[in-house]
Amino acid sequence: MTVLVGHMSADGSTREIAERIAAGLRRAGRVAEARSLAEVADAGAYEAFVLGSAVHGQRWLPPAVDFLRDNLDVLRARPVWIFSVGMPDALRGPFRRMGPKEVPVIEKGLPAGLGYRDHRLFSGVVTAARLPRTGRIVFRLMGGRFGDHRDWDAIDAWTARTAAALEGPPTA
Ligand SMILES: Cc1cc2nc3c(=O)[nH]c(=O)nc-3n(C[C@H](O)[C@H](O)[C@H](O)COP(=O)(O)O)c2cc1C
């Protein structure tokens, strides 16, 4: 079975997480390829899906949501895992609790009827230059730290669990 690790990134950190996940799945003996969701011509060619998007304004990027909507029939019939890339680990103090609270908000923005085995919110890279002025001010007031907050161990552990949960014996 070929697993699509589909990603939608604005600045590259989600793409790099997807590439890491695909490499981890391959290490676990699965056939997996990382591709931008904007490039996937035939979702029906894949037997399982690990799909992720950067989060802007507590939502997946529009082309990623479009992919889910356009391929809902295929996705509903096959195993799907999803991941979001935001900034929970960039926050400190009382605001740190806001990270997990974002998960149901993100899920509300996904097409109704999409089923998935798991949804994980990872932290990505937060750069001052990419946030709008007001966003930058709010982020700083919340004690936010700019930088690369990706937790590769957590990403690898989630990948290993996902690989184990994929049906059938490893094929690669
Ligand atoms: C304009 C903008 C809005 C963002 N909004 C959110 C948000 O609502 N929630 C969140 O957790 N992270 C938010 N982030 C942080 C990004 O999701 C994070 O930087 C992520 O790593 C970006 O992924 P990418 O490098 O693949 O584009 C925002 C970033 C930008 C630039």
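Readers should treat all values here as calculations from the given coordinates under stated rules, not as data from a laboratory. Just so it is clear, the model here is predicted, and its values are computed rather than measured. Every residue, glycine among them, receives a Cβ derived from its backbone with ideal geometry; neighbour counts consider all protein chains shown.
Assorted remarks:
- Contour minus Cα-Cα distance for Arg92 and Asp73 (0.36 nm per residue): 2.8 nm
- Taking every full run of DSSP H in the chain, the ones that stretch at least 18 Å from end to end by Cα along their long axis and average 0.0 or higher on the Kyte-Doolittle scale are 152-165.
- Compared with the alpha-carbon gap, the fully stretched path from His56 to Ala28 is longer by 6.9 nm at 0.36 nm per residue.
- For the options Asp70, Asp156, Asp89, a Gaussian network treatment of the chain with springs between C-alpha atoms closer than 10 Å singles out Asp70 as fluctuating the most.
- Quarter of the Cα convex hull surface for the chain, i.e. its orientation-mean projected area (nm²): 9.4 nm²
- Full extension of the chain between Glu19 and Ala41 gives 6.0 nm of extra length, using 0.36 nm per residue less the Cα-Cα distance.
- For region 6-69, the list of chymotrypsin sites (Phe, Trp or Tyr not before Pro) that fall in a loop by DSSP and count at most 13 other C-beta atoms within 10 angstrom is empty.
- Taking every Cα-Cα distance in region 19-58 and sorting them into 5 Å bins from zero, the calculated P(r) comes out as 5, 19, 28, 22, 16, 7, 3, 0 percent.
- Region 52-67 residues near the modelled Val105 label - backbone nitrogen below 13 Å, point 7 Å along Cα→Cβ: 55-60
- The Cα center of region 108-172 and the Cα center of region 29-91 differ in position by 12 Å.
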